[in-house]
Amino acid sequence: MAQGLGNNTGDYAPLAAALREDHGLPAAVVARVTRPDWLRNAAGLADANYWRGTLSPRPVLDWYLERVEEAVSEARKLCAQDGKISLIGHSAGGWLARVYMEEFDASDISLLLTLGTPHLPPPKGVQGVIDQTRGLLNYVEKNCAPAVYTPELRYVCIAGRYIQGAPLLGSSAVASDEVLAVDTPSEGGEAVIVNTSDKSTPSSATWRARFVGQGYKQVCGRADVWGDGVVPEMAAHLEGALNISFDGVYHSPVGADDEERPWYGSPAILKQWVHHLLS
């Protein structure tokens, strides 16, 4: 499992434990990363390509790719002989997993499953949009293998619809972002946002929707879209992959609540996508 930017191994401990203990996947391994490790990325500031917006993942992110390689190697030892590996990537860990598969031996990886990953580079020429990855997602789009869904290799890209963003200025009628409860059907179906406000007239945009919208805009060029609070839904899907969206799902394990603000790895949500690892 490849974690997202700023996350550490411990953030995914409950998810890994659930995969092992509740779903019979004893080889669930999380790459060993601490929060201070992410400071290594500052090395990119010394690369002229950073300032040009043409940065490449290597060598700046070699340290991370090597941690993923260590986790995959550990999983191989725990798997049955000739077993296939499923690689899960959360947030930036999803597109970094694509780089890993391009640069390392991925012959036994049969599934890449991404959770809230911003796969697509931000559009060029949109006022106020700056590529936060400094060219890394452009590199991924141009140099990594396209997504496929075949018997040999499957890409499954999961997005969350937790809150709809709104433009920073002006009036905008968007769905309220006050999530009061989440109804998660026990068998099948998707998590559903339950809102007790009157839906007969859409509420005006809240400050939170406007704030979130600015984050969405930096990723996909638009503020008035649905997303998981960090990554817009439209950026978390890839052409050629099996693309899935879950309503009411928050981006990160940090700040999540399994009952009222579930993230992709919360038990009720995990039940809805874990079968992709078992098939």
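General remarks:
- If you go through the stretch 96-115 and keep only what is of a type in the set (S, T, N, Q), open to solvent by 10 Å² or more (accessible area, probe 1.4 Å) and at pLDDT 95 or above, you end up with just S110.
- Within the stretch 36-73, the set of residues being open to solvent by less than 60 Å² (accessible area, probe 1.4 Å), under 24 Å from G10 (Cα atoms), in contact (Cβ under 8 Å) with a residue 24 or more places away in the chain and not in a loop (DSSP other than H, G, I, E, B) comprises D37, W38, W63, Y64, L65, R67, V68, E69, A71, V72.
- Qualifying residue in the stretch 69-87 (condition: within 22 Å of P267 (Cα to Cα) and among the hydroxyl-bearing types (S, T, Y)): yes
- Selection count, the stretch 59-81, where residues are modelled with pLDDT of 95 or more and among the basic types (K, R): 1
- Search result, residues across the stretch 74-84 that are outside any helix (DSSP H, G or I) and surrounded by 15 or more Cβ atoms within 10 Å (Cβ to Cβ): C79
- Candidates A175, A145, A159 - the one that is within 22 Å of G93 (Cβ to Cβ) and either part of a strand (DSSP E or B) or modelled with pLDDT under 95 (or both): A159
- Checking each residue in the stretch 207-228 for being open to solvent by less than 40 Å² (accessible area, probe 1.4 Å), over 13 Å from I130 (Cα atoms) and out of contact with any helix residue (DSSP H, G or I) (no Cβ under 6 Å at 6 or more places or on another chain) picks out A209, V212, G213, D228.
- The combined condition, being modelled with pLDDT under 50, crowded, with 18+ Cβ neighbours inside 10 Å and more than 27 Å from E239 (Cβ to Cβ), is fulfilled by T184.
The values are calculated or read from the model by the stated rules, or taken from the named source; none is laboratory data. A quick note: this is a predicted structure, and the numbers were derived from the prediction, not measured. Glycine also receives a Cβ, built like all others from the backbone with ideal geometry; neighbour counts cover every protein chain displayed. Side chains are part of the model used for accessible areas, which takes the heavy atoms of the whole protein and leaves out ligands, DNA and RNA. Shrake-Rupley method; radii C 1.70, N 1.55, O 1.52, S 1.80 Å.
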